[in-house]
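Down below is the structure, laid out as structure tokens.
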Amino acid sequence: MTHGSRRRTTHRYYCHDCHRSFTRTCFSKKKRHSYQLVSDAVKRVVEDYTSYRRVAARAGVSAPAVLGWVNTFGKQAKSPIETAHDLDPQWSGLLGVDGKSVNIEGTEACILIAVDLGTGDPFFFQLVDAEDEEHVRRFFLIIKKVFHYPISAIVSDLGKGRVFVQLAEDVFPGVPHQACVVHFSRYVDMTLPKSKKSKYHQQNAFLRQYVDSILFAQSLNDADEMLCRLQEVEHLFQRTYQRQVIRSLHRNFHLLTTHFSYQDVPRDTNVVENVIRQLNRKLIQMNGFKNRDNVYAFLKLWFCAQRFRPFTCSRYSHRNGLSPLELADVNITGLDWLKFSQNSNL
């Protein structure tokens, strides 16, 4: 009769004093990871355009483990307000604002973003339910009363329902406001059909060309002259969408040409758009979020990293090689952005 083989198991003992079980060889076989490995993995997730799985594969751990590390560091990270208090950046006063939608477990939310256009510093963001009057007003009030931002001009798109325009006038009365001409040009492109099969194709192309000549004019006189020429032929454009574009152009002409009257005010939000473009590339790789806490945790890390990251191919050559914080007269020599981001009060 053969008894066969028995699988060797670890013998466990029970302590009557502490009421816990243990083995003779060790109390735990759970692998501990060094701070260097964990922090490097978090940096790769935040800084690089790569996925959790690739970072986890390089570190030799599971993707959920890396996600847990990112969430832990993110939840302990300083808020944008705390960061501003610690660093005291010197901003230009040219405020650029915009919104970016984000998906949270099938529900759309919005990230409101504020960037100092003179330094490219994305100094503030808020995760809100929607780009509406209530949330944008609170966003502007924090910039004004908590950050004490030295505002000299605002550049934004018109916002949903002109929400940025209306609230900027309420919260920052008398401050020049430039509407982004690039956003308006995109709005015109979306509104006017481009199909060559339409019998109104030539009219639409002509109107689009006229509007762009106004938006991207070299002087206010040129823009005024082109608007006057358009007024002379307005009666030729009778389609509803054509009338809509013309009405919107008239209504917002003063906002679209503000930059001609104030030095250094840009006519577009390209600096903010660049921040949003980079954020969007990262969010696509994140493949959505399960809850708002995880989104906010990640955003705190991402925005902090962006403020420390040097420009490499900016159209403003003097920025290349310097980070937004350095352009805002902050000495970051020897500072590691991830270590700095961690709130020592926690």
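Being in the same structural domain as I332 (by TED's automatic domain parsing), touching a helix residue (DSSP H, G or I) at 6+ places or on another chain (Cβ under 8 Å), among the polar types (S, T, N, Q) and outside any loop (DSSP other than H, G, I, E, B) is true of T83. Annotation: of all residues in the stretch 130-161 being of a type in the set (D, E, K, R) and touching a residue at least 24 places away in the same chain (Cβ under 8 Å), the one that is nearest to D98 (Cα to Cα) is D157.
Yes/no matrix, rows are residues, columns are (1) in contact with a strand residue (DSSP E or B) (Cβ under 8 Å, 6 or more places away or on another chain); (2) closer than 21 Å to Q285 by Cβ; (3) aliphatic (A, V, I, L, M):
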position: V66; (1), (2), (3): no, yes, yes
position: V70; (1), (2), (3): no, yes, yes
position: F73; (1), (2), (3): yes, yes, no
position: A84; (1), (2), (3): yes, no, yes
position: D88; (1), (2), (3): no, no, no
position: N103; (1), (2), (3): yes, yes, no
position: G106; (1), (2), (3): no, yes, no
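With respect to (1) farther than 22 Å from V102 by Cβ; (2) under 17 Å from the mean Cα position of the chain (by Cα); (3) at pLDDT 95 or above, the lone exception for F311 is condition (3). Among the criteria (1) polar (S, T, N, Q); (2) at pLDDT 90 or above; (3) in a helix (DSSP H, G or I), the one N331 does not fulfil is (3). Pick from the stretch 44-81 the residues that are among the charged types (D, E, K, R) and over 18 Å from the mean Cα position of the chain (by Cα): which of them is nearest to L141 (Cα to Cα)? So the residue we want is K75. Just so you know, in the stretch 139-165 the residues that are touching a Leu at 6+ places or on another chain (Cβ under 9 Å) and closer than 18 Å to F303 by Cβ include one that is surrounded by the fewest Cβ atoms within 10 Å (Cβ to Cβ), and it is Y149. Answer yes if at least one residue in the stretch 284-304 is of a type in the set (G, A, S), closer than 20 Å to N274 by Cα, surrounded by 13 or more Cβ atoms within 10 Å (Cβ to Cβ) and under 20 Å from the mean Cα position of the chain (by Cα), and no otherwise. No, there is no match, as no residue in the stretch 284-304 is of a type in the set (G, A, S), closer than 20 Å to N274 by Cα, surrounded by 13 or more Cβ atoms within 10 Å (Cβ to Cβ) and under 20 Å from the mean Cα position of the chain (by Cα). Checked against the criterion of being within 26 Å of P266 (Cβ to Cβ) and of a type in the set (D, E), the stretch 205-218 has at least one qualifying residue. Would you mind telling me which numbered condition in (1) polar (S, T, N, Q); (2) at pLDDT 95 or above; (3) farther than 28 Å from S314 by Cα S92 fails? In the conditions (1) polar (S, T, N, Q); (2) at pLDDT 95 or above; (3) farther than 28 Å from S314 by Cα, S92 misses (3) alone.
The values are calculated or read from the model by the stated rules, or taken from the named source; none is laboratory data. Everything quoted here is computed from the prediction, not taken from an experiment. Counting neighbours? That spans all protein chains shown, and the Cβs are built from the backbone with ideal geometry, glycine included.
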